[in-house]
Structures are given as C-alpha cells and as structure tokens.
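Worksheet for the structure shown next.
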Amino acid sequence: MIDRHWNVVAWNHMTTTLCGDLNPSSEVERNALWRTFMVEEIKKRNVNWDNAASKSLAHFRSRYALYMNDSWYRELVDKLKDDSETFRQWWERHEVAGNLDGEKVIRHPDGGLLAFRYHTFKISESPEYMMIVYTPVENTGTEEQLGELQNAT
C-alpha cells in the first residue's frame with residue numbers, strides 16, 4: 001500500500017522477495033517513484049522498465065496536480081530531477097495518466113522471469129492511500145515460480 005506521497009507504508013512477504021527488504025529503508029528509500037528511478041536493482045529486474053517507469057511517472061504527475069500546494073511533492077521532484085537524467089527528461093514531457101494498471105515482467109535472480117498484471121485501487125475509507133495488486137499472468141509459469149520462491153524463504 002502506498003500513501004499520497006507514494007511512500008510504501010505496508011507490504012507483504014512476497015513484496016520483500018520480489019522487490020527487496022523495505023524495513024531498514026528511510027522514507028525516501030521507500031518511495032515508489034524514487035525507487036523506480038534511483039534503485040539500480042529495480043531497473044535491472046524490471047524487464048520492461050521504460051514502459052513501467054513512464055506509466056508510473058504519468059500517474060504520479062496526476063497525483064502531483066492534486067497536491068500542488070504540498071511542498072513535499074516539489075521537493076521529491078526537484079531531488080529526482082537533480083539525481084536522474086531520465087526523470088528530468090521525462091518530467092518535461094508533462095504526460096499524465098489517471099490510472100496505474102498494466103503488465104510487468106520481473107527478472108528475479110532466483111525465480112527467473114515472472115509476468116504480472118497489476119491494478120491500483122484507492123482505499124475507499126482512506127482515499128489518500130492506494131493498493132497495488134499484482135496477479136500472475138496465466139500460462140507463464142509465474143504462479144509456480146512464486147510458489148517455489150515462497151517455499152525457499
């Protein structure tokens with residue numbers, strides 16, 4: 001689950017297996033957008049990183065517009081523009097997306113290629129939070145590979 005600043009505030013064991021341990025991370029290191037552009041391991045694991053990162057940024061921009069007066073957003077964007085040439089270039093495109101759904105293929109060091117569909121849901125009781133649900137794509141072997149990963153940990 002992510003909050004309105006895109007900080008990951010809740011996750012399960014499989015998230016840790018696929019994305020790394022978020023427990024010792026600082027707030028910015030648990031920020032989904034910051035992780036997308038700044039964590040090299042995330043870039044390496046995401047087979048279609050350009051597409052997923054571009055979609056994430058376009059969706060983030062729609063949230064940014066909602067909270068324009070929140071200095072936290074400007075500070076994160078400024079930090080990412082300073083630290084990531086790709087982010088800086090893509091931010092200037094001004095692309096906006098209303099939803100964050102799609103497909104993602106992850107190259108896991110122990111599980112191989114894992115294919116998912118993901119959907120984002122707003123939490124009705126707390127609309128400042130969103131939950132991203134990943135579902136294995138059928139007939140790709142992902143579900144079986146996830147079972148093996150889960151049994152290995």
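When the chymotrypsin sites (Phe, Trp or Tyr not before Pro) in the range 26-69 are filtered for DSSP coil states and for at most 14 other beta-carbon atoms within 10 Å of their beta-carbon, the remaining sites are TYR67. Angle of helix 71-83 to the longest C-alpha principal axis of the chain, folded into 0 to 90 degrees and rounded to 10: 70°. Per residue, the average separation of C-alpha pairs within less than 8 Å and at least 6 apart gives the chain a relative contact order of 21 percent.
Placing +1 at every Lys and Arg Cβ and -1 at every Asp and Glu Cβ, with all other atoms neutral, what dipole size does the range 12-124 have around its Cα centre, in debye to the nearest 20? The partial results should precede the final answer.
Values: 17 positive and 17 negative charges, 69 e Å.
Using Cβ point charges on Lys, Arg, Asp and Glu, the range 12-124 gives about 340 debye.
Dividing the summed helix terms, -39500 (n - 2.57) for each DSSP H run of n ≥ 4, by the number of residues in the chain produces a 222 nm estimate of -13000 deg cm²/dmol to the nearest 500. Counting every C-alpha pair in the range 34-153, the share spaced more than 25 angstrom apart comes to 32%.
Read-outs: derived from the displayed coordinates by stated rules, not from any lab. As the structure is a prediction and not an experimental result, all values here were calculated from the model. Glycine also receives a Cβ, built like all others from the backbone with ideal geometry; neighbour counts cover every protein chain displayed.
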